[in-house]
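The values are calculated or read from the model by the stated rules, or taken from the named source; none is laboratory data. Computed from a predicted model, the values in this text were never measured in an experiment. Virtual Cβ from ideal backbone geometry, glycine too; neighbours counted across all protein chains shown. Surface accessibility is based on the protein's heavy atoms, side chains included, excluding ligands, DNA and RNA. Shrake-Rupley method; radii C 1.70, N 1.55, O 1.52, S 1.80 Å.
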Amino acid sequence: MFIDSHCHLDRVDLSPFSNSLSEYLEATKADSLEHMLCVSINWEDYPAMRDLVNGFANISTSVGVHPNEMDGHDPSVDELVDIALKDQVVAIGETGLDYSRIEKETEVLTQQQRFRHHIRAAKKIDKPIIIHTRDAKQDTIRIMQEESAGECAGVLHCFTEDWEMAKQALDLGFYISFSGIVTFKNAKQVQEVAKKVPNDRFLIETDSPYLAPVPMRGKPNYPNYVKYVAEKMAELRGLSLDATAQMSAKNYSTLFGR
């Protein structure tokens, strides 16, 4: 049984399933997809995302604002806490730093302050935090350290950085999550990290509808494709598929089920 620890169901193309999430879940039962975490990326779309998955026992949610979201509302610590408690989300995020599309210095400062607010909210209610990081390795770790993010812990999702950063995050008590990128032929750095992360600290995800894994690369991505990520992780780590699925599921429960 597989767990997709990071997806965006409100952005998945459900038209092949009559635009019905229920029909999609029914159609993919054979893929042994046991649970999904549907992750928020902005404040404005969060209510619709929550309502889409409401009532499905095998789907959890997070609340947060992605670092690249610059036009919408930037929630305060108290706003994040209030929604998280009211809706019983399992995590805060996704948040973090992404300097790959930065156009103004003010955007760097906005991302950093938002990241700090999310960490503080997570610590306040003892929820794990979901971190997105791209082209911002040093600042991401620095802010995690300065804000004592290890007190709430969490995950560096869709990991694409090197072992040095992974080790620093692991030392802070964080988990490392691998997406379909780990199946790409040219993803040697990510694959090396995937081999080294301890058995009790890795997760698997799709980041659906983005980054479809091989053999679905270039097509829309769905949460049930997490099995392909698990297969690659099993190959890299010299484990059986069953053991890999069980480990990642246990790690998910330890982090998000507390």
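The table for this structure:
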read-out	value
Residue check, Thr61 surrounded by 13 or more Cβ atoms within 10 Å (Cβ to Cβ) and closer than 22 Å to Ala153 by Cα	yes
Number of the condition not met by Asp242 [criteria: (1) out of contact with any helix residue (DSSP H, G or I) (no Cβ under 8 Å at 6 or more places or on another chain); (2) of a type in the set (Asp, Glu); (3) buried (at least 22 other Cβ atoms within 10 Å of the Cβ)]	(3)
Subset of region 5-53 [touching an Asp or Glu at 6+ places or on another chain (Cβ under 6 Å) and open to solvent by less than 20 Å² (accessible area, probe 1.4 Å)]	Ser5, His6, Met36, Val39, Asn42, Met49
Test result for Lys250, surrounded by fewer than 16 Cβ atoms within 10 Å (Cβ to Cβ) and free of Cβ contacts under 8 Å to residues at least 24 places away in the same chain	no
Region 10-39 residues that are without any contact (Cβ under 8 Å) to a residue 60 or more places away in the chain, paired with ones that are surrounded by fewer than 13 Cβ atoms within 10 Å (Cβ to Cβ) and not basic (Lys, Arg) (beta carbon under 8 Å, 6 or more apart)	Asp10/Ala48; Leu14/Ser20; Leu25/Asn58
Spans of helices (runs of 4 or more DSSP H) in region 3-101 with at least 1 residues under 18 Å from the mean Cα position of the chain (by Cα) and not aliphatic (A, V, I, L, M)	46-53
Of all residues in region 178-199 being free of Cβ contacts under 8 Å to residues at least 40 places away in the same chain and closer than 17 Å to Tyr252 by Cβ, the one that is surrounded by the most Cβ atoms within 10 Å (Cβ to Cβ)	Val197
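Listed here are the residues, each with its yes/no results for (1) open to solvent by less than 40 Å² (accessible area, probe 1.4 Å); (2) aromatic (Phe, Trp, Tyr); (3) in a helix (DSSP H, G or I).
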| position | (1), (2), (3) |
| --- | --- |
| Phe115 | yes, yes, yes |
| Ile131 | yes, no, no |
| Met165 | yes, no, yes |
| Ala169 | yes, no, yes |
